[in-house]
């Protein structure tokens, strides 16, 4: 059996089937929806960080761009929701294109500049001077397109597509090229890889995933504020979940979301400060003792992790 | 109007130099990104607040206590976190995540200890009535904070350029491996720089209730980003650059607040992105940035 097929059977199929069937046995659909959102976002983050090594601290900027692209298309252009979702994705990719020059920076410089960029987009969108267009800080209400059941299905479809994309990267020459660039950009260039083009594509793919997820999020909850969709916490959740599980794999980010977001939902909502404390300690411990993530435990024993 | 804006910008600029100084020192010496910088500043602010309500000392006394206390905490913290971090594959990247975790811990501890409500200290603590500088009236607290910040910068300059330990610190900044091979106890030098860096953040925190408005446990991340803007505009690892960055930042902030107030909070972000793209090594940077 080829490796790619095995990866599809062992990761994509069980996750997608589980989340497609769970709403019929478990009634808290919002919770399941949030899991789907984070599973997809974490994989989107994995595309850029896991495969190219750029740490996008402001990843939430694309999520917010997707949500606002969706909302503005519904409010001002009266698009049907699915077309508006496309507008959200385009908005995120356009933001990605605008921010492409940031890829010239490396390491901490890129992470900080990207963080600053996402905050700048947030401050522009939430500025009271733009109330006529974005409703400024007063938030958006899209009750006309609210249909949670259908939207949940769309979110699962986006998750399936994202997982498919990551499986492709994990098993293709293109994904290998990206990882070669991550390890040593100069050697990769010498080996005939178009470094600039490859990492721009990875960057835009990653923005596309976040834009789609942001759009479907806006559609599902339909009432939100700029702080909700530009919350730095979203970037940080995605980053920590992915690193906790192990980046540049398919299984790692999935494990990270299920374990950590699970813990968050058990204790994080009732006593957020204690969750934050445990969470912080967990991150520090992870970096010090398991910098390659949970899957490195298996990898060290020679087990092939999808 | 313009004189007032420029002078207020200068006072705030001196204060912002102090805010960024500790972060710059730590990055310059250890090449790690202290994303918890703003949270140490926040803890310094809460320390001053707590001490004031317990004993009521002048903030200028709390300042020295905060410096000592944070330097003493930071020294063992260095050995707990940094040597292990530096042995990893990509310490600069991992440090961002590690110190993000630390910032979460600090913020959670502050919420558990002080609650989430906003706190403030009366401005009269740093002197009564307006102070006149070149014919313009400023709150006394601004002038005191600005002058104290300038003194702190002079202290760091003196440490780095006029003491033996500072000489060793600059050696580690220039080349880590060469410093090791010449027999410098790099970990001890770095731990002291780490201590001074965090202590400077706490000292800046003591003035935060007067310069930045009320304090909350969640204020850390914004201050961290502002500090990054300040030190990137100057240049990383150069204390004089931080002063330049701070003053540019302070004056531009005051200009924005005076003439374009609703967009003023965009400034640190735009300044940061702009400078990073045009001149990544900062305005006073000489070396080429490590790519």
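Read the figures in this text as sums done on the coordinates, not as results from a lab. Nothing here was measured: the structure is a model prediction, and the numbers come from that model. Backbone-built Cβ (ideal geometry, glycine too); neighbour counts: all protein chains shown.
Count, for each residue of A:268-278, the Cβ atoms from other chains sitting within 10 Å of its Cβ, then give me the mean as a whole number.
That average works out to 4.
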Degrees between helix B:220-233 axis and first principal axis of chain B (Cα, 0 to 90, nearest 10) = 70
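For the range A:238-292, calculate the relative contact order in percent as a whole number, restricting contacts to Cα pairs under 8 Å that are 6 or more residues apart. All intermediate terms of the calculation are to be shown ahead of the outcome.
Numbers: 41 pairs, mean separation 16.4, N = 55.
Relative contact order, the range A:238-292: 30 percent.
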inquiry  = For chain A, what are Rg and Dmax over the alpha carbons, in angstrom?
reply    = 18.8, 59
ask   = For chain A, modelled as a GNM with alpha-carbon contacts under 10 angstrom, which of A:210, A:89, A:177 fluctuates the most?
value = A:177
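Obtain the radius of gyration and the Kirkwood radius of the range B:117-251 from its C-alpha atoms and give Rg over Rh. Don't skip to the end; give the middle numbers.
Values: Rg = 17.6 Å, Rh = 17.0 Å.
Value, to two decimals: 1.04.
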query = Using a basic spin-label model with each label point 7 Å from the Cα along Cα→Cβ, how many nm lie between residue A:168 and residue B:89?
reply = 2.5
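Mind giving me the FRET efficiency for residue B:75 and residue A:78? R0 is 56 Å, r the Cβ-Cβ distance, nearest 0.05 is fine. Could you put the intermediate results ahead of the total?
Details: r = 63 Å, r/R0 = 1.12.
Here the calculated transfer efficiency is 0.35.
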remark   = From DSSP H assignment alone, runs of 4+ in chain B each adding -39500 (n - 2.57), the sum over residues rounded to the nearest 500 puts [θ] at 222 nm at -25000 deg cm²/dmol
ask   = Taking only Cα atoms, what is the 0 to 90° angle, nearest 10, from helix B:140-162's long axis to the longest principal axis of chain B?
value = 20
note = For chain A, averaging the sequence separation of alpha carbon pairs under 8 Å that lie six or more residues apart and dividing by its residue count, the contact order in percent is 29
ask   = What span do the alpha-carbon atoms of the range A:1-150 cover on each of the three principal axes, reported in whole Å from largest to smallest?
value = 55, 44, 24
inquiry  = Which of the three applies to the range A:89-230, rounded, prolate or oblate, going by the alpha-carbon gyration tensor with a ≥ b ≥ c and a/c under 1.5 meaning rounded?
reply    = oblate
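Mind giving me the FRET efficiency for residue A:6 and residue A:187? R0 is 30 Å, r the Cβ-Cβ distance, nearest 0.05 is fine.
Working: r = 30 Å, r/R0 = 1.00.
Efficiency for this residue pair is about 0.50.
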ask   = For the residue pair residue A:297 and residue B:118, what label-to-label distance in nm results when each label sits 7 Å from Cα along the Cα-to-beta-carbon direction?
value = 4.5
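From the mean inverse distance of alpha carbon pairs (Kirkwood) and the Cα radius of gyration, derive Rg over Rh for the range B:238-283.
Numbers: Rg = 11.3 Å, Rh = 11.2 Å.
My calculation of the ratio gives 1.01.
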query = Computed over the Cα atoms of chain B, what is the convex hull's projected area averaged over all directions, in nm²?
reply = 15.5
ask   = Give me the log10 of I(q) over I(0) for the protein assembly as shown at q = 0.07, 0.09 Å⁻¹, as the Debye formula computes it from C-alpha points; what are the numbers?
value = -0.44, -0.73
key: Residue-averaged 222 nm ellipticity for chain A, from DSSP H runs of 4+ at -39500 (n - 2.57), nearest 500   = -22000 deg cm²/dmol
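What FRET efficiency comes out for the pair residue B:158/residue A:150, r = Cβ-Cβ distance, R0 = 60 Å, nearest 0.05? Let's see the in-between values first.
Numbers: r = 67 Å, r/R0 = 1.12.
Given R0 = 60 Å and the Cβ-Cβ separation, E is 0.35.
Once the Cα gyration tensor of the range A:1-87 is found, what semi-axes does its equivalent ellipsoid get, as square roots of 5 times the eigenvalues, in whole Å, sorted largest first?
Values: eigenvalues 145, 91, 35 Å².
Largest first, the range A:1-87 gives 27, 21, 13 Å.
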request  = Measure of size requested: the Rg and Dmax of the range A:46-135, with Cα atoms as the atom set and Å as the unit; please supply both.
outcome  = 14.2, 42
